[in-house]
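Report on one structure; see the data block that follows.
The values are calculated or read from the model by the stated rules, or taken from the named source; none is laboratory data. Note that the structure is a prediction, hence the values are computed from the model and not measured. No Cβ is skipped: glycine too gets one built from the backbone with ideal geometry, and neighbour counts run over all protein chains shown.
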Amino acid sequence: MAETPLTQRIRPDGEPPGIAEYERTGGYQAVRKALRDMTSAAVIEEVKQSNLRGRGGAGFPTGMKWSFVPMGPEPPQPKYLVCNADEMEPGTFKDRVLLEGDPHELIEGMILASYAIQASVGYIFLRDEYRLAARRIEKALDEARAKNYLGVNILGTGYNLEIYLHLSAGRYICGEETALLNALEGKRANPRAKPPFPQISGLWGKPTIVQNVETLCNIPHIINNGAAWFRGLSRSKDGGTKLYGASGNVNRPGIWELPMGTSLREILEEHAGGMLDGYRFRGVIPGGASTDFLVEEHLDIAMDFDSVQRAGSRLGTGTMIVLDDRTCPVGMVLNLEHFFAQESCGWCTPCREGLPWIEKMLTAIEEGRGTLQDLEILQQQCLLLGPGLTFCALAPGAVEPLQSALKYFRSDFERHVSDGRCPWR
């Protein structure tokens, strides 16, 4: 049976373990081990050797990211660790499972990550709608303070750390780490120019690491069990397990912790239970709304960062949206582009003007008012809003489902034009 370290304490009734239960099952042992027996550099090296890559979407090596933070005898102070728990990617709900089901796991991971970069302040930047998670996190923070896992002179080691919960006002752009930092500072959530990167100049101009919930929850298990053990959980060179999810017309939509590199087919057919009766698989957005479609020819790929990229998409958050033969792909993409257009911060012209223009053209096509020339213009827009042409990654991500839909489902777009209506209506 596969190991499931991230979700092993999550109960069927949904109630999270209190600190006593968390400690009885090995909780906070990694904090004791790291703070008493390991240097900060040793923690970073262990995470590097584990091949843990960020679970927020970009997949950047976690230990390498931490190593960019200035250390040495007189580094800039204070340093900050920020947990990105904003989770507004459509189709994504994996972090919510961890936040509500085992908040102490996140807190322990944050303590270890903070110790690794010698941060003295941490923030959990939480999506405002996650009110149940907020209550459970606050309770867990209070319990951790009472046991001296947070505060001054933690466990008598001389290390000081405080963690605060911050409820976000809520915008998708806060998934971009520098926009998140601006929001945390009380400013408008616009991305910042990079460089400098947050590891050098982040929150209030100080060294800052921004890390995803799932990423941080892996850290206690790496420190307790070692990098080799963590690598051994995976079926690929990317270490560990992964929370994979599926939504759409499948028999068992949900979230499963599986070895990194589990095949797309296994996730959909075994864990999600295959398609509902009367529905046929047409495609899947594999990693949240801002990733390219994969189709039937891709079902046997390994769901890891490099394999999905070679197939022409991105692993992203690993939470997939399934398209069936009774759902209009044009309407599905229009729904996504509407979301991205309204969530643009408006900071750069291609995103601010381009995404509403795309939405307008897709609306015309969906309503039977489109032309074949519109399809060529949409194809051109996908290039004009591509990587390197906008201030941040929102617009390039927004056009990924569109560009792949035009590739794999072009006949459906053309039928909307030729029939003068949506065939699914």
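Worth pointing out:
- Matching residues in region 59-94 - criterion: being among the small types (Gly, Ala, Ser) and either in contact with a Pro (Cβ under 9 Å, 6 or more places away or on another chain) or free of Cβ contacts under 8 Å to residues at least 24 places away in the same chain (or both): 63, 67, 72
- Qualifying residue in region 355-362 (condition: in a loop (DSSP other than H, G, I, E, B) and not small (Gly, Ala, Ser)): no
- Scope region 302-329; condition within 23 Å of residue 382 (Cβ to Cβ) and in a loop (DSSP other than H, G, I, E, B); matching residues: 311, 312, 313, 314, 315, 316, 317, 327, 328
- Qualifying positions in region 331-345 - in contact with a Leu (Cβ under 6 Å, 6 or more places away or on another chain) and more than 20 Å from residue 411 (Cα to Cα): 340, 341, 344
- Among the residues of region 366-421, those that are more than 33 Å from the chain's Cα centre (by Cα) and assigned to a loop (DSSP other than H, G, I, E, B) comprise 367, 368, 369, 370, 371, 420, 421.
- Residue ID - surrounded by the fewest Cβ atoms within 10 Å (Cβ to Cβ), chosen from residues in region 325-357 that are under 21 Å from the mean Cα position of the chain (by Cα) and polar (S, T, N, Q): 342
- Of all the listed residues (108, 74), the sole one being out of contact with any Leu (no Cβ under 7 Å at 6 or more places or on another chain), farther than 17 Å from residue 289 by Cα and part of a loop (DSSP other than H, G, I, E, B) is 74.
- Filtering region 375-425 to residues that are among the acidic types (Asp, Glu) and in contact (Cβ under 8 Å) with a residue 24 or more places away in the chain leaves 400, 412, 414, 419.
- Residues satisfying the criterion are present in region 220-231 (criterion: farther than 15 Å from residue 287 by Cβ and of a type in the set (Phe, Trp, Tyr)).
- Once region 47-58 is narrowed to residues that are in contact with a helix residue (DSSP H, G or I) (Cβ under 6 Å, 6 or more places away or on another chain) and surrounded by fewer than 22 Cβ atoms within 10 Å (Cβ to Cβ), the residue that is farthest from residue 215 (Cα to Cα) is 49.
- Residues located in region 299-317, provided they are in contact (Cβ under 8 Å) with a residue 60 or more places away in the chain and more than 16 Å from residue 401 (Cβ to Cβ): 302, 303, 304, 305, 306, 307
- Some residue of region 294-301 being farther than 30 Å from residue 224 by Cβ, at pLDDT 95 or above, buried (at least 23 other Cβ atoms within 10 Å of the Cβ) and under 22 Å from the mean Cα position of the chain (by Cα): yes
- For region 316-336, the candidate set comprises residues that are in contact with a Ser or Thr (Cβ under 8 Å, 6 or more places away or on another chain) and of a type outside the set (Ser, Thr, Tyr); within that set, the residue that is farthest from residue 94 (Cα to Cα) is 334.
- Flag for residue 114 being surrounded by fewer than 23 Cβ atoms within 10 Å (Cβ to Cβ), in contact (Cβ under 8 Å) with a residue 24 or more places away in the chain and in contact with a strand residue (DSSP E or B) (Cβ under 7 Å, 6 or more places away or on another chain): no
- Only one of 62, 39, 92 that is among the polar types (S, T, N, Q), at pLDDT 95 or above and farther than 18 Å from residue 208 by Cβ: 39
- Residue list for region 118-138, restricted to those being farther than 11 Å from residue 96 by Cα and touching a residue at least 40 places away in the same chain (Cβ under 8 Å): 118, 119, 120, 121, 122, 123, 124, 125, 128, 136
- Criterion: over 15 Å from residue 17 (Cβ atoms) and in contact with an Asp or Glu (Cβ under 8 Å, 6 or more places away or on another chain) - qualifying residue of 121, 152: 121
- Annotation: of all residues in region 197-220 being in contact with a helix residue (DSSP H, G or I) (Cβ under 9 Å, 6 or more places away or on another chain) and within 14 Å of residue 70 (Cβ to Cβ), the one that is surrounded by the fewest Cβ atoms within 10 Å (Cβ to Cβ) is 197.
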